[in-house]
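Below is one structure, written out as structure tokens; the observations come after it.
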Amino acid sequence: QVQLVESGGGLVQTGGSLRLSCAASGRTFGGLNMAWFRQAPGKEREFASAIGWTGRSTYYADSVKGRFTISRDNAKNTMDLQLNDLKPEDTAVYYCAAGAVNAGSSRGGDYLYWGQGTRVTVSS
């Protein structure tokens, strides 16, 4: 089992930045492909970004490419998502996910473990 805990959400103005973190515990973190998903109010959950277990491969949804940066530190069992140039449409609960067989998978159903989410609100 893997426990995931997100942090770093908050309220920010359009154009601002936030850094989300996901802390993992429970088993070997370094072998897990991981991702961030998000769910906006009244919408389906959607893929935002993913990172392979080595950290060398990163993947982004078109909507966040160039503004968000995913990274991980396997020694610290953490994964981060740097959110820059935030827009009101980025408002959502952001979830950390882990355990997909294929790195970069954008399908939520491929991930075995999920955090409880951290809320990001971008005001216009």
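The values are calculated or read from the model by the stated rules, or taken from the named source; none is laboratory data. Predicted, not measured: the structure shown is a model, and the values here were computed from it. Just the protein is used for accessible areas: all its heavy atoms, side chains included, with ligands, DNA and RNA removed. Shrake-Rupley method; radii C 1.70, N 1.55, O 1.52, S 1.80 Å.
A compact table of results
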| item | result |
| --- | --- |
| The range 40-83: C-alpha gyration tensor shape, a/c 1.5 cut-off, then a/b vs b/c | prolate |
| Whole-number accessible area per residue in Å² for the chain, which is evaluated in the context of all protein chains at 1.4 Å | 51 Å² |
| Nearest-10 value in Å² for the accessible area of Trp114, using the 1.4 Å probe | 70 Å² |
| Distance between the range 57-124 and the range 1-41 - C-alpha centres, whole angstrom | 6 Å |
| Per-residue ³J(HN,Hα) for the range 68-80, Karplus 6.51 cos²θ - 1.76 cosθ + 1.60, θ = phi - 60°, Hz, x for Gly and Pro | 10, 9, 9, 8, 8, 10, 5, 5, 9, 6, 10, 10, 10 |
| Share of carbon and sulfur in the accessible heavy-atom surface of the range 1-109 [1.4 Å probe, %] | 46 percent |
| Within straight-line cross-link reach of Lys87, lysines at Cα separation under 16 Å, skipping those fewer than 8 residues along the same chain | Lys65 |
| Computed lengthening from Thr14 to Thr54, 0.36 nm per intervening residue step minus Cα-Cα distance | 11.1 nm |
